[in-house]
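The values are calculated or read from the model by the stated rules, or taken from the named source; none is laboratory data. From a predicted model like this one, the values you see are computed outputs, not experimental measurements. Here Cβ is always computed from backbone atoms with ideal geometry, including for glycine, and neighbour counts include all displayed protein chains. Please note that ligands, DNA and RNA were not included when accessible areas were found on the heavy atoms of the full protein model with its side chains. Shrake-Rupley method; radii C 1.70, N 1.55, O 1.52, S 1.80 Å.
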Amino acid sequence: MHGITVRAVELLVCQKFGEDAWERMKVAAGLKISGNFLVTEYYSDIVTYRLVDAAEEILGVSSEQFWEVLGEYFFDYVVEYGYSRLLSVLGETPVEFLENLDTLHCALGRVYPIRPPLFRCETRKNGMYLLHYYSKRRNMEYYMMGLLRRTLDVLYKTKIELVLLEKNEHEDHCTFSISFSKTGSPNPGSIQEAVSAPLQPPDSLMPSARISPSTFAALCPFYLIFTRDLVIKECGRSILLALPALVDAAHRLDQTARLVRPWLPLTFNNIVEHQNSVFLLDFDCQTAGGVKERSLKLNGQMLYLPANDTMLFISSPYITSLEDLSAKGYSLSDVPLHDAKREFILASENFALEHKIISQLEDLTQRLQQTTKQVQDEKKKTDKLIYAILPPAVAQSLRSGSSVNSQRYDSVTILFSGVVDFDKFCLSKTGQTGAMEVVRLLNQLYTEFDALLDTKNNPNLYKVETVMDKYMVVSGAPNVLPPSAHAEEIVLLAMKMRRCLRGLTIDSKGTTVRVTIGIHSGEIVTGVIGNRMPRYCLFGDTVNMASRFQTTGKEGMINISQETVKCMSGRWFWPFGIRSIRSCWQSLLKRKEGARKTMDPP
């Protein structure tokens, strides 16, 4: 299947259901394709059918509905490639458009290596139109229904109703009835009468001298005349060279050739009814011994000759390229000079070259898109790492090349935490195994703490740094908050930190990890230090006081200063495990008195 169809599936799903749905469809279809589908490539039909089956599973729509929606979307998509002009010249009325559908697909089959469907439009005596559709692809009739509805609606401002009357899967044949809702739709019989009736020019335009049979044979070396019984009466010189058996005896056309297009039984009446269609006949070229050597495909126009009740087939070889021309044993001189196929064959070489260039450009674009996506993914990883080291506002300033000036904050709240008896724990662990246990403990501890500082849930908390077992957090900088807000943020964090330690043990005996937390509020100065590994640092007595509350406070407790209590405006009660500044200062004074007694001489 042509890549433009598969690409349309991708764009339809991405635009109407989102890229996530498209990625899930590819996974469900078992397709490991990176990037987009290429318009100039050709993909197996299995790829498209897998995607449609996946759409039924992921999107919750039936495959018939998806095919029909895809057909409607496909028209709007191919308009971007200029195919609307090609479609608009197929006929002046919707019926003429349907009559020439098969001609269009026959021409597309020459240009692209695809298996185009076959169409046959039929007018009944009661004025009803029947469309016969032939395709070996499963469920494509629903795709065709959506495409026809959208095309006729846009090009002819006509609403049509397609009803599937019969589906013969054995013959790959579907029959539809068509009704037009637009007022003033073409007369059902006018098209057939215009086609079947011979053209009678005025007498003033009749030629005074008729063309001789020899001249006509020279102009049309691939002509063929047969009777109502399909008996071949005359044929051109080039056909005789390929089929010398036609010289000796009369042969029936239906025994010598097979009608490829349009898809209908090869009878005289059928040919008369479909003279406006392009006919493609496949002849079997046999050697003298009756062995099939090669096939001769001729395509052209059927013209009814009422004077002697015969049919004239004016044709030329079915050639798609210069390579195909030489492979079938022909030369350009075998094609008549007046036949536009000469220009078509030569132009096909330019088309092949252009198609190759477009394919290379599309492949280059695809690789560029993949590289861009990889760069964006790496940029996201880099941004995530930078934002983990520095506050987002500071990181944005550094990335833009701007200098980050130091800043003073009148009121922030700082938290310090440290593991109780961490020094004893480290001394008890020796060697590489002991060092790994220390690392394991700190990793578990900090992983739990970091989870509490998720920027999405807690954007007003910023982790400053970790040194050994010390964990430092600030609120109120760099995001400025009222004193009551940043104090409450830190106190709530401290309570959550104590709660998340319940499952952590410090040794093999199952001893629970305990931390001592110190909290203090006050003014600070911040700044970015260093260029190679810049750090967002906090300076001031508030940092020192918070650290002292952690080191001198009661072990395993949350020690809060009076300044933090004032910031909370008395709205907080003292929960279990929180001590006031008075208890911390009493502990600090006791330690200082003990130190003096130790230093005084006896």
Practice prompt. Look through 18, 30 and report the one residue that is over 13 Å from the mean Cα position of the chain (by Cα), more than 15 Å from residue 69 (Cβ to Cβ) and free of Cβ contacts under 8 Å to residues at least 40 places away in the same chain.
Written response: 30
Response to the item:
Flagged in segment 395-413 as of a type outside the set (Gly, Ala, Ser) and at pLDDT 80 or above, in numbering order, are 405, 407, 408, 409, 410, 412, 413
Worksheet item: Here are 487, 477: which of them is buried (at least 22 other Cβ atoms within 10 Å of the Cβ) and at pLDDT below 90?
Response: 477
Worksheet item: Which of the residues spanning segment 25-76 are surrounded by fewer than 18 Cβ atoms within 10 Å (Cβ to Cβ) and of a type in the set (D, E, K, R)?
Response: 32, 41, 45, 50, 53, 56, 57, 64, 76
Discussion item. Between 404, 420, which is more than 30 Å from residue 554 (Cα to Cα) and surrounded by 15 or more Cβ atoms within 10 Å (Cβ to Cβ)?
Written reply: 404
Practice prompt. For segment 77-112, enumerate the residues that are open to solvent by 40 Å² or more (accessible area, probe 1.4 Å), part of a loop (DSSP other than H, G, I, E, B) and free of Cβ contacts under 8 Å to residues at least 12 places away in the same chain.
Written response: 80, 82, 89, 92
Worksheet item: In segment 132-143, which residue that is under 26 Å from the mean Cα position of the chain (by Cα) and within 15 Å of residue 1 (Cα to Cα) is surrounded by the most Cβ atoms within 10 Å (Cβ to Cβ)?
Response: 143
Worksheet item: residue 364: modelled with pLDDT of 80 or more and open to solvent by 60 Å² or more (accessible area, probe 1.4 Å), yes or no?
Response: yes
Practice prompt. List the strands (runs of 3 or more DSSP E) that sit entirely inside segment 213-325 and contain at least 3 residues that are open to solvent by less than 30 Å² (accessible area, probe 1.4 Å).
Written response: 223-227, 257-261, 279-286, 292-305, 310-317
Discussion item. Looking only at residues that are outside any helix (DSSP H, G or I) and not aliphatic (A, V, I, L, M) in segment 2-32, which one is farthest from residue 114 (Cα to Cα)?
Written reply: 18
Response to the item:
All conditions in (1) more than 14 Å from residue 411 (Cα to Cα); (2) open to solvent by less than 40 Å² (accessible area, probe 1.4 Å); (3) not small (Gly, Ala, Ser) are true of residue 543 except (1)
Fill in: Restricting segment 330-357 to residues that are modelled with pLDDT under 75, among the hydrophobic types (A, V, I, L, M, F, W, C) and closer than 30 Å to residue 35 by Cα, the residue that is least open to solvent (accessible area, probe 1.4 Å)
352
